[in-house]
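The values are calculated or read from the model by the stated rules, or taken from the named source; none is laboratory data. Nothing here was measured: the structure is a model prediction, and the numbers come from that model. All Cβ positions, even for glycine, are placed from backbone atoms using ideal geometry, and neighbour counts span all protein chains on display. Remember, those area values only see protein heavy atoms, side chains included, never the ligands or the DNA or RNA. Shrake-Rupley method; radii C 1.70, N 1.55, O 1.52, S 1.80 Å.
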Amino acid sequence: MLYCTFARMVTALVVVLGWWLASPLQAHPLSLANHYHTGIELHAYWVSEKYDGIRAHWTGQRLLSRQGLPIDAPAWFTQGWPNTPLDGELWAGRNQFAAVQSTVAQGAADAAGWRAIRYMVFDVPGHTGPFTQRQQQLQRTVRAMGQAWVQAAPQWQVRSHDALMRQLRDLSRLGAEGLMLRRADSPYRAGRSDDLIKLKLLDDAEAVVVGHLPGQGKYQGMTGALLVELPSGQRFKIGSGLRDADRANPPPIGSTITYRYNGTHPSGLPRFARYWRERHAAPTPASTQVPASASEQQP
């Protein structure tokens, strides 16, 4: 009897522990961007580069993904960080998204990968003032941290739409993903609003792969197109943008891919959709169970 009771207690503990490890941790709700549109008062915004990396939120204690899952960074990476929240992007430079994604997925085990990553901080969620004040606090905080891999995202102001579009084209030619606009007088507000605006030469979105359609002609025996599904439940095919390697080894059914497009049809489906890349799953809590070595030193 005593053994059975003990066994039930252990089972219950395992269930609770498993639920806790699989659940997102409590995080400050993050601000999300609307698309750039006509009527934006440019003089009211600060502009920065849109980094093609992985959004990361420092809670004051832990580094979390946008979904609230723990990011298994090496101990040296976050050592000495403040006990106040930070909002930023893990970034390894332009056109290096795949490298960042791979490093974050492997966690602290990829020591070399983490040494190539910078944490580009663009906001301080816990500050109650407008963005202009938060930016000043951000600069002070990053200077006090004194770590080369933690940088305050450069911010500037633009006077006209034409000047903004010139900057967008120039930076895009250099490999930037686009531009972000933050309203100077707005508080840090969770959710999607015009407090935060994104501007890119090409729109992109995500969809889930629900089927592989057979190829024809030179693609006989390979994948001709992906059948994908939007959050709305709408489905469409994407064949353009797939390389031969993608057709031979396509993103698996159930995976999430990112595609680029030029506007939408009245139905809401994208126009001229083309495959861009597979969006691998966010790091899972299980990956954080391998602690970084206590003897590991910062680079």
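Data table
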item	result
³J(HN,Hα), Karplus 6.51/-1.76/1.60, whole Hz, each residue of the range 80-95, x for Gly, Pro	x, 6, x, 8, 10, x, 10, 10, x, 10, 7, 9, 10, x, 5, 6
Summed residue charge, Cβ within 11 Å of THR78's Cβ, Lys/Arg positive, Asp/Glu negative	0
Mean Cβ count within 10 Å, highest first, over the residues of peptides 127-137, 237-247	127-137, 237-247
Enclosed volume per residue, in Å³, of the convex hull spanned by Cα atoms of the range 118-250	181 Å³
Sequence-distant lysines (8 or more away, or on other chains) whose Cα lies within less than 24 Å of LYS237	LYS200, LYS218
Intensity falloff of the range 161-214 expressed as log10 I(q)/I(0), Debye formula with alpha-carbon point scatterers, at q = 0.12, 0.17 Å⁻¹	-0.45, -0.72
Residue-by-residue Karplus 3J(HN,Hα) for the range 180-185, coefficients 6.51, -1.76, 1.60, Hz, glycine and proline x	10, 10, 10, 5, 5, 9
Amide proton proximity set for ARG277, modelled H, under 5 Å, gap of 5+	THR258
Point-to-point label distance, ARG115-ASN83, nm (Cα→Cβ direction, 7 Å offset)	3.3 nm
Probe 1.4 Å, all protein chains present, accessible-area order of TRP81, TRP156, largest first	TRP156, TRP81
Cα shape, the range 119-189, gyration tensor, a/c 1.5 rule	oblate
Gain on full stretching of the segment that runs from GLN157 to HIS35 - 0.36 nm per residue minus C-alpha separation	42.1 nm
Local net charge near TYR261, Cβ-Cβ under 9 Å (Lys/Arg +1, Asp/Glu -1)	+1
Accessible-area order (highest first, 1.4 angstrom probe) of the listed residues ILE40, ILE253	ILE253, ILE40
Full-stretch length increase - ALA148, ASP185 - with 0.36 nm per residue and alpha-carbon distance subtracted	10.4 nm
R0 of 25 Å, Cβ-Cβ distance ALA248-ARG192: FRET efficiency to nearest 0.05	0.10
Additional length obtainable on full extension of the chain from ALA98 to ASP170, 0.36 nm per residue less Cα span	23.6 nm
Among beta bridges that DSSP assigns inside the range 88-236, antiparallel share in %, nearest 5	80 percent
Carbon + sulfur, % of accessible area of the range 31-175 - ligands and nucleic acids excluded, 1.4 Å	48 percent
Built amide H within the under 5 Å cut-off of GLU177, gap 5+	LYS50, ASP52
Amide hydrogen neighbours beyond the local backbone of VAL150, cut-off 5 Å, H modeled	TYR119
Label point distance in nm, THR264-LEU42, each placed 7 Å from Cα along Cα→Cβ	2.7 nm
J(HN,Hα) series, the range 199-206, from Karplus relation 6.51 cos²θ - 1.76 cosθ + 1.60, nearest Hz, glycine and proline x	9, 9, 5, 10, 6, 9, 7, 10
Whole-number accessible area per residue in Å² for the range 99-241, which is evaluated in the context of all protein chains at 1.4 Å	49 Å²
Net charge of Cβ neighbours under 14 Å - reference GLN135; Lys, Arg +1; Asp, Glu -1	+1
